[in-house]
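Just so it is clear, none of the values below were taken in a lab; they were calculated from the coordinates. From a predicted model like this one, the values you see are computed outputs, not experimental measurements. Using ideal geometry, Cβ is built from the backbone for each residue, glycine included, and neighbour counts are taken over all protein chains shown.
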Amino acid sequence: MKGVVERKLLRRLSIIEGQLRGIKKMVEEERYCVDVITQTEAVKNALSGVENALLEKHLSKHVVDQMKKGQETKAIAEILKIYKLAQRKK
């Protein structure tokens, strides 16, 4: 059974999926570019929200579990991997 976080993420992703279909339709209909860009920004922000929720879950659950199990090296590697991913977004 999926947890609360997973259900929320799946719901968010379904909404994003609908937004993407809407953007595709807008492009097919040759809608005003600024309107399309506005919608693509909304999708990027929504995906960023999903990413942040996943990051929070990963750090608060998986990395903490690794630390508790004495797997500090693995936990540090995970944190550095996340840090490097965040740096690429800038």
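Observations on the model:
- A simple spin-label model places the labels of residue 87 and residue 44 2.2 nm from each other, with each point 7 Å out along Cα-to-Cβ.
- The chain, helix-only ellipticity at 222 nm - DSSP H runs n ≥ 4, -39,500 (n - 2.57), divided by all residues, nearest 500: -27500 deg cm²/dmol
- Above-threshold pairs, the threshold being 20 Å between Cα atoms, out of 8/89; 44/89; 69/89: 8/89; 69/89
- Restraint check, 57/81; 24/81; 61/81, Cα-Cα greater than 26 Å: 24/81
- GNM top mover of 29, 17, 41 - the chain, alpha-carbon springs below 10 Å: 29
- Fully extended contour minus Cα-Cα distance, from residue 27 to residue 12, at 0.36 nm per residue: 3.1 nm
- The residue among 48, 20, 70 whose Cα reaches farthest toward the positive pole of the charge dipole of the chain, with charges on the beta-carbon of Lys, Arg, Asp and Glu, is 70.
- On the beta carbon distance between residue 71 and residue 20, with R0 = 41 Å, the FRET formula returns roughly 0.60.
- Acute angle (nearest 10 degrees) that the helix 4-28 long axis makes with the longest principal axis of the chain, alpha-carbon atoms: 30
- Cβ-based net charge around residue 9, under 15 Å, with every Lys or Arg adding one and every Asp or Glu removing one: +3
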